[in-house]
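The values are calculated or read from the model by the stated rules, or taken from the named source; none is laboratory data. Every value quoted in this text rests on a predicted model; they were computed, and no experiment measured them. Here the Cβ is made from the backbone with ideal geometry for all residues, glycine too, and neighbour counts use every protein chain on show. Surface accessibility is based on the protein's heavy atoms, side chains included, excluding ligands, DNA and RNA. Shrake-Rupley method; radii C 1.70, N 1.55, O 1.52, S 1.80 Å.
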Amino acid sequence: MAQSALAFAAMGAFAKAAGARLPVAELVLARGLVSVVLSLAALRRAGVDPVGRRPARLFVRGVIGALGLAALFSALARLPLAEATVIQYLHPVFTALLAALLLRERTGGGLALSIALGAAGVLAVARPAALFGGAASALDPLGLAAAVAGAFLSACAYVAVRHLSATEHPVVIVSYFAWVAVAGSLPFALRGFVWPQGIEWVLLVGVGVAAQVGQIAMTNGLRLLPAARATALSYLQVVFAAGLGALFFGERPGAWTVVGALAILSGTLVALRDGRRAARAAGAGAGPSAPP
């Protein structure tokens, strides 16, 4: 899980560095192309039907994932690495809310608290002038909007994956995201294409490879560790992002960013704990089935 957190933080750093000159559409295209190559190899190895059982829903999941990726890369291009990463951690709170509304998953009373903590954390990081006056943040409003949108779309993608995983192979779900990301970003990338130069080729490949390493490491971590412990270790991504931002971009997170990070991560912990309690209650309430 620590390796996964470092890999995802590195992906953000690669995307931020490349996004200084290259359009977001080209970053999404590069990420999608790397994923297509890796997904084709995985599909061949797994020997599964790449079309899947519910292609229409798989396509919608791919669209959601591609839009979320574009929003994340846009936020990384406009915001400091630490702030963009902190706001991205709203996604577990959004996921808990969407799962309760759309999948009818049971939740406890902590969901409202987790939403309130997440909102307070975003306000602390964004510091709108209407509330903070002279202490308002200088962060790009469009970058902040993109970061929140990315977190929400990530949550939508997680809920979609949970829904599809009952009938679809994981590699098929990933491959649809890759193909949609390539097809959706290609027209926009070609319209204002900026030819990568020198180190930018390395950065683009790094975005895709780091994301793949992060996915593999996260899967192994969740297989080897209890979910609560694994999720807690994933918060190291915020620390790694702050370190990479300071080392390579000269960024120094302020006190309000730290406060916001603590509030958002606290809200995430509350949402996860609430979900586990509801799952245990549901299992205990079901009891043994009655004889026919």
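Okay, here's what the table says:
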{"read-out": "Net charge over other residues, Cβ less than 12 angstrom from the Cβ of Glu251 (K, R count +1; D, E count -1)", "value": "+1"}
{"read-out": "Rounded to the nearest 10 Å², the accessible area of Met1 at probe 1.4 Å", "value": "30 Å²"}
{"read-out": "Extent along principal axes [Cα atoms of the stretch 14-91; Å; largest to smallest]", "value": "42, 24, 18"}
{"read-out": "Selection from Val161, Val122, Val239, by position along the positive dipole direction of the chain (Cβ)", "value": "Val161"}
{"read-out": "Computed [θ] at 222 nm, helices only, for the chain once each DSSP H run of length n ≥ 4 contributes -39500 (n - 2.57)", "value": "-26500 deg cm²/dmol"}
{"read-out": "Charge dipole (the chain, unit charges on Cβ, about Cα centre) - positive-most of Ile87, Ala77, Pro55", "value": "Pro55"}
{"read-out": "Accessible carbon and sulfur surface of the chain relative to its total accessible area, %, 1.4 Å", "value": "70 percent"}
{"read-out": "Computed Rg/Rh of the chain, alpha carbon atoms with Kirkwood Rh", "value": "0.98"}
{"read-out": "Ranked packing of 81-90, 153-162, most packed first, by mean Cβ within 10 Å", "value": "81-90, 153-162"}
{"read-out": "Net dipole in debye of the chain [+1 Lys, Arg Cβ; -1 Asp, Glu Cβ; about Cα centre; nearest 20]", "value": "660 debye"}
{"read-out": "Volume per residue that the Cα convex hull of the stretch 141-211 spans, once the total is divided by residue count, Å³", "value": "124 Å³"}
{"read-out": "Peptide ranges 176-182, 202-208, 255-261 listed from the most packed, as the mean C-beta count within 10 angstrom indicates", "value": "176-182, 202-208, 255-261"}
{"read-out": "Among 235-246, 137-148, 59-70, the order from most to least packed when residues are scored by Cβ within 10 Å on average", "value": "59-70, 235-246, 137-148"}
{"read-out": "With all protein chains modelled, accessible area of His91 [1.4 Å, Å²]", "value": "30 Å²"}
{"read-out": "Extension gain from Ala255 to Ala145, taking 0.36 nm per residue of separation minus the Cα-Cα distance", "value": "37.5 nm"}
